[in-house]
Amino acid sequence: MTFKSPVQRGGPRRGRFDQFAEYASNFTSSPLFFLVCLILIAFFLASHLAHLGIELLLLASGSMTAVTLLLLALLKNAEMRAEHAVQRKLDAIAAALLEVHRGNESEAFENLRNAIRMEEET
């Protein structure tokens, strides 16, 4: 187990967790997930208003807490990946500008081209 940021864990390929986090992030931003959350909240409200057993209230509130913690982890993962992608693009732009200023347009422009395509990865 490693405690590196998501962008520093693997190499050019994404790891299983990063792929799962991306899929989960796409799912949690979908209308279907919003509907699941509404159903969970409706279940909690219905069990509370119907004065059902404490077990059902604990089940509903525990489920909402678990979903909240998972969403927090996904949000942080997506934030770290986006921040890293922006930083790499800014570094490539800065290097390209320096090379243009010096009259050498080889490696930095290739890095800039690769960095511009990075939004397809995140």
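Its alpha carbons considered, the stretch 14-120 gives a radius of gyration followed by a Dmax of 22.6, 76 Å. With neighbours defined as other Cβ atoms within 10 Å of a residue's Cβ, the residues E55, E83 order from fewest to most as E55, E83.
None of the figures in this text is laboratory data; all of them are computed from the coordinates on show. Here the structure is a predicted model, which means the values were calculated and not measured. So basically every Cβ, Gly included, is an ideal-geometry build from the backbone, and we count neighbours across all protein chains shown.
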